[in-house]
1. Hey, among 112, 166, which residue is surrounded by fewer than 14 Cβ atoms within 10 Å (Cβ to Cβ) and assigned to a strand (DSSP E or B)?
2. Considering (1) buried (at least 18 other Cβ atoms within 10 Å of the Cβ); (2) at pLDDT 90 or above; (3) more than 15 Å from residue 33 (Cβ to Cβ), say which one residue 87 fails and leave the rest.
3. Select from the range 127-145 the residues that are hydroxyl-bearing (Ser, Thr, Tyr) and surrounded by fewer than 21 Cβ atoms within 10 Å (Cβ to Cβ) and write down the one among them that is farthest from residue 167 (Cα to Cα).
4. Pull up the range 124-150, narrow it to residues that are farther than 29 Å from residue 98 by Cβ and out of contact with any Ser or Thr (no Cβ under 7 Å at 6 or more places or on another chain), then point me to the one that is modelled with the highest pLDDT.
5. From 26, 36, 63, which residue is modelled with pLDDT of 90 or more and more than 14 Å from the chain's Cα centre (by Cα)?
6. Anything in the range 150-167 that is within 15 Å of the chain's Cα centre (by Cα) and closer than 16 Å to residue 91 by Cβ? List them, or say none.
7. Looking only at the range 108-149, which residues are touching a residue at least 40 places away in the same chain (Cβ under 8 Å), under 22 Å from residue 170 (Cβ atoms) and over 17 Å from the mean Cα position of the chain (by Cα)?
Amino acid sequence: MTATALAVAFIFFSCNRKLSTADKLDLNRTPLQTIDSMFIVQTTDGGLQFRVEAEVMERYVTDTSSYEKFPLGVELYGYNEEGLLETMILADDALHEQGNKGKYEIWSAFGNVVIQNILKRETMETDTIFWDRQKGEIYTDCYVRLYSPDGFMQGVGMRSDERARNSIIYKPFDSFGIVGRDTTAVVIDSVNFIGPFLKK
């Protein structure tokens, strides 16, 4: 009789502890979905537009918005109208936010952000970048370095179209340009280059 009473008390106590832990759970801070080795492709009329890769994606939903976190980093690839890889964005951490009913859609990337325009051979480095999908622009108010065949620029603040074709650096300082260049140099797009067909 005593052993049975102890067993019932133990079961009641164990269940009670689990319920109190569940009551403290904050659903706004708990991911609704977690995906490992994420790979997303977006197309328009059969043409590849964007590709997103990440080791981990965590999806959260609130009353007013939904967002995805990429705590282990993210890689975004943008393709031009001819289907060539044009833009790459790499970052240590990222956040993708969407308002209800498509009110807004913004990507935020943080930590060792690298933006490359493959076709223009330009590389931009900064700590934080924002990509407004509705406005079709990327921007930051942080320190930026831009390396290109035309020289080197650095400054604070940057605005560009979403494919990093026309970047403008605000408040530039200590920058330099290349005046002369070898006009006979041959440039090969090694990313999009298919190469010669092998003989059968």
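1. 112
2. (2) is the only condition that residue 87 fails.
3. Kept after step one, since they are hydroxyl-bearing (Ser, Thr, Tyr), are these residues of the range 127-145: 128, 139-140, 143.
Adding the requirement that they be surrounded by fewer than 21 Cβ atoms within 10 Å (Cβ to Cβ) leaves 128, 139, 143.
On the way: 128: 15, 139: 9, 143: 14 Å.
Step by step, filter the range 127-145, then rank; the result is 128.
4. Step one: of the range 124-150, the residues farther than 29 Å from residue 98 by Cβ are 145-150.
Subset that is out of contact with any Ser or Thr (no Cβ under 7 Å at 6 or more places or on another chain): 145, 148-150.
Values: 145: 91, 148: 86, 149: 84, 150: 81.
The qualifying residue modelled with the highest pLDDT is 145.
5. Criteria check complete, one pass: 36.
6. Within the range 150-167, the subset within 15 Å of the chain's Cα centre (by Cα) is 162-164.
Once the filter is applied, which keeps residues that are within 15 Å of the chain's Cα centre (by Cα) and closer than 16 Å to residue 91 by Cβ, the range 150-167 yields 162, 164.
7. 120, 122
Residue-wise test of (1) surrounded by 18 or more Cβ atoms within 10 Å (Cβ to Cβ); (2) within 24 Å of residue 120 (Cβ to Cβ).
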position: 36; (1), (2): no, no
position: 42; (1), (2): no, yes
position: 51; (1), (2): no, yes
position: 72; (1), (2): no, no
position: 76; (1), (2): yes, yes
position: 82; (1), (2): no, yes
position: 91; (1), (2): yes, yes
position: 97; (1), (2): no, no
position: 107; (1), (2): yes, yes
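The values are calculated or read from the model by the stated rules, or taken from the named source; none is laboratory data. Please read all numbers here as calculations on a predicted model, not as lab measurements. As a convention, Cβ positions derive from the backbone with ideal geometry for all residues, glycine included, and neighbour counts pool all protein chains shown.
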